[in-house]
Every structure is written in C-alpha cells, then in structure tokens.
Amino acid sequence: MRHPLLRADELTRRRFIARTASSLLGVGLLPSSLSRDALAAAAAKGGSAKNVIYLYMDGGMSHVDTWDPKAGAVMGPTKTIKTSADGVLLGEYLPRTAQQMHHGTVVRSLTSTQGAHEQGNYYMHTSYQLRGTINHPSLGAWLAHFRAAGNPTLPSSVYVGNASRHPGAGFFPPELAPLFVNNPENGLKDIERQKGLTKDSHAARMKLAGDLDTEFVRAFGRQRNVAAHTGAYDGAYRMMASVDIAAFDLTQEKAELRDAYGRDAFGQGCLLARRLVERGVRFVEVSLHGWDTHSNNFTATPDLCDKLDRGLATLVSDLHARGMLRDTLVVVATEFGRSPKINQSLGRDHYPTAFSAALFGGGVKGGAVYGATNQTAEIVMDQEITIPDFNATIGHALGLPVDEVTVAPNGRPFKIADKGKPVTAVFA
C-alpha cells in the first residue's frame, strides 16, 4: 500500500514538508519554493502594485478635518473643498491633494479596537494586537518574506522617520527589517570606504575576515543572532559596492522638484521614497509626526496638513508623470482618528471607532470613495473596514497570498493580516 503522502497532491506534500520543517527546525514557510503556487495564484487575482509607499500619520490624524469633512455638521471651522473627482470633497487644508483625487480612493469606514498610540500603531502595522509574548512582522517584512528583493544590492524596505514604535521584522529574520533613515537629507552615513583604501584592498580585507570566520560560521551559522550579524555585514558590503546607493542622495534632484515636495523631513522623505522605489526598493514608509492634537487642533492640523499636502500631491503627480503610479500603491494611514467633538482645550481626542485613510495608484479606482460615516462622522454607517481588512487589501494589491499560513519559530501559525479579508471593491 502506498504511503498517504505519496498519494497526496503536490500542495498537500508541500504543506506537510512545511509543517515538518517548522516542527524540527523552528522555521516558517519558504516563499521561494513552498509558497510558489500560492504566490502565483494570488498575483493572478491581485492588484497591479509591485511596490508600496506608505505614508504614516503618527499620532492619530483627524479624519473630520481631512478625508471626511461634513460641511458644517461637525464641530470646528474646517470647510470642505471640491476635488478633481466629481462628488468627492476634502477638508480645506488639502488643496493640492484635492487636485490629485482622480488618481485615488478615499476610505471613510475604517474602525479599530485600539485607542492608545502604541497599541494602535502596532495594530495598524501588523494586524495583530500588541502582546508581550511575540513580535509580529510589519507589512514590509511580509512583502520581503514572500517576494525576492527588487534590487539585490539595496534593502527590501526602508523606513524614513522616528522609528521608536516600528515593529520591524517581527518574528522573521532580522534581515527582513527595514533600513532606518532618520533624516532623508543626510543620506546614508558610514557607507563609503575609508580614504586611501582601494576597492581591491577592501575586497581583500573582506575575504580575509571571511576566511577567519569560516570555522565559527560553520559551527554556529544557523543560530539566529549569528546569521543576522553575518547578513548585516553582507548587506552593508553589497550596498557599498552598489551604484544604486546614489538613490539616497537627494542633491541629484532639481531644486524646483525638491521645493515642490516641501523642504521639510516629510516632503524630502516622500522624494526619497520615489527615488528608492525607482531603483527596486519594494516598500518605503515615511512618517509624519505630531497628529496627537488633544489641544490646539486648529492650529496644529493646518500646518501638518500643509506638509502632507505638498509631499503627497507631488509624489502622486511625480509617480504618474514617470509612469510609475500603476505599479506603486501610495497609502496614507494613521492609528485612529480624532473625536468629532471638540474638547475644552480646543482639541480632538483619540477616536478609533471611525476614521479614514486614502489609497492612490496600484490599481485602485480613481476618483472614488469607499464607505461612509454618519452625519457627525462618529459611526461607520456603510462598508466597515477593520484594520486587518485594510492590510489584507494592501497585500491583495501586491498579489500576496493573504490566506497563506506562515509558521513562526514558536510554532504558531500567522497570516499577513490575521483574519482580514481584502476589500476588492476599491480596485478598478
């Protein structure tokens, strides 16, 4: 009698092998082999995006002053303005973005269960609640797990901003974590050879170091920390030798374009994101901090919106002009909204019950709105989207297998977006 595994179809055999590898070796699915069928199937029915530029509004962006204004029905002075998309209104602080709305979809029906910053940020980035027992991967790490690097000499993902709350690679190997860039105008530090050290001399030193490490790596190379240390050095060496390291040099751009993006860290981060995606970096996140407007909301929000408006609108226009927008999904997200009611400090408080996001390019519908809140923007009335649903939608746009199970080193199964389901209605 034949063994049951020999009678199983190919996918069943692969799942058995994956489970065995997980049990014996403490590893998850290997995307280059075990998940190839799932990747092909997901790509066939997914969106057109190959890359993501993720603009994160850190602190909780006010939806009623930006993406979901109510024309006098909500407390506050913010007025509505028309956009390039018929029937789509935005808050008055986003006039440049309003002229790009024919390229994107506003999502007005997000809801979250997490109303504190650290927990909400983590949930938005991972689709899982923050726990002390395990660290979950960010979306960029999931993309790197399932897809080969777009440029083998550059990182698979980059984070631009203050990275104090970013979950990084989670339970994946450290090499899937993003490269952190604090100031986009400073480029990469300590990436050039020492003065007087030729390329050949440097290569000889690296070879000697490798020879000296051979026995140690042979004995301990499979240990996670050792492999991470080796991978970090190898990755840095590849970057040093790469001509594409020039992507980090913003001085190569025309002054007029840099001005259009905005001469602040966020605007220049958006420009850096475009340059990186152009050279094969698949996932770039740029953070804009300061949205925690418990007080003086109507002083802080216009200034924040001006930075967002310049960077976002120029980014969308720039990508479109270069023929990159269909391949690049631009996401504008935050951990929760702000209360429609104004508090005693003329501010808006945390509000996870109902808030907004926006999607541009990457195969999404242009000039569209998905979901709706009630007249006071306090409750989702139509087409509710949970955070896992939203992240599953991003995964779907990239053609990733959002239903595929990956086993963490602790033996527990996880998916890209937990139990989230893609909202396919946002795609053209």
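The values are calculated or read from the model by the stated rules, or taken from the named source; none is laboratory data. No experiment lies behind these values; they were computed from the predicted model shown. Cβ atoms come from the backbone with ideal geometry, glycine included; neighbour counts cover every protein chain shown.
Some observations on this one:
- For segment 47-68, a residue qualifies if it is assigned to a loop (DSSP other than H, G, I, E, B) and at pLDDT 95 or above, and the qualifying residues are ALA49, LYS50, GLY59, GLY60, MET61, SER62, THR66, TRP67, ASP68.
- Of everything in segment 301-328 that is in contact (Cβ under 8 Å) with a residue 40 or more places away in the chain and in a loop (DSSP other than H, G, I, E, B), the residue that is surrounded by the fewest Cβ atoms within 10 Å (Cβ to Cβ) is ARG322.
- Within segment 259-300, considering residues that are more than 30 Å from GLY399 (Cβ to Cβ) and of a type in the set (D, E, K, R), the one surrounded by the most Cβ atoms within 10 Å (Cβ to Cβ): ASP292
- Yes/no for LEU90 being in a strand (DSSP E or B), at pLDDT 95 or above and either touching a Pro at 6+ places or on another chain (Cβ under 9 Å) or surrounded by fewer than 22 Cβ atoms within 10 Å (Cβ to Cβ) (or both): yes
- Leading residue by the ranking (nearest to VAL332 (Cα to Cα)) among those in segment 95-119 that are hydroxyl-bearing (Ser, Thr, Tyr) and in contact with a Phe, Trp or Tyr (Cβ under 8 Å, 6 or more places away or on another chain): THR105
- Summed over segment 379-427, residues that are of a type in the set (Asp, Glu), assigned to a loop (DSSP other than H, G, I, E, B) and farther than 16 Å from PRO137 by Cα total 1.
- Failed item, numbered, when VAL369 is tested on (1) farther than 30 Å from ALA116 by Cβ; (2) not in a loop (DSSP other than H, G, I, E, B): (1)
- The set of residues from segment 369-390 being crowded, with 20+ Cβ neighbours inside 10 Å and out of contact with any helix residue (DSSP H, G or I) (no Cβ under 6 Å at 6 or more places or on another chain) comprises VAL369, GLY371, THR373, ILE385, THR386, PRO388, ASP389, PHE390.
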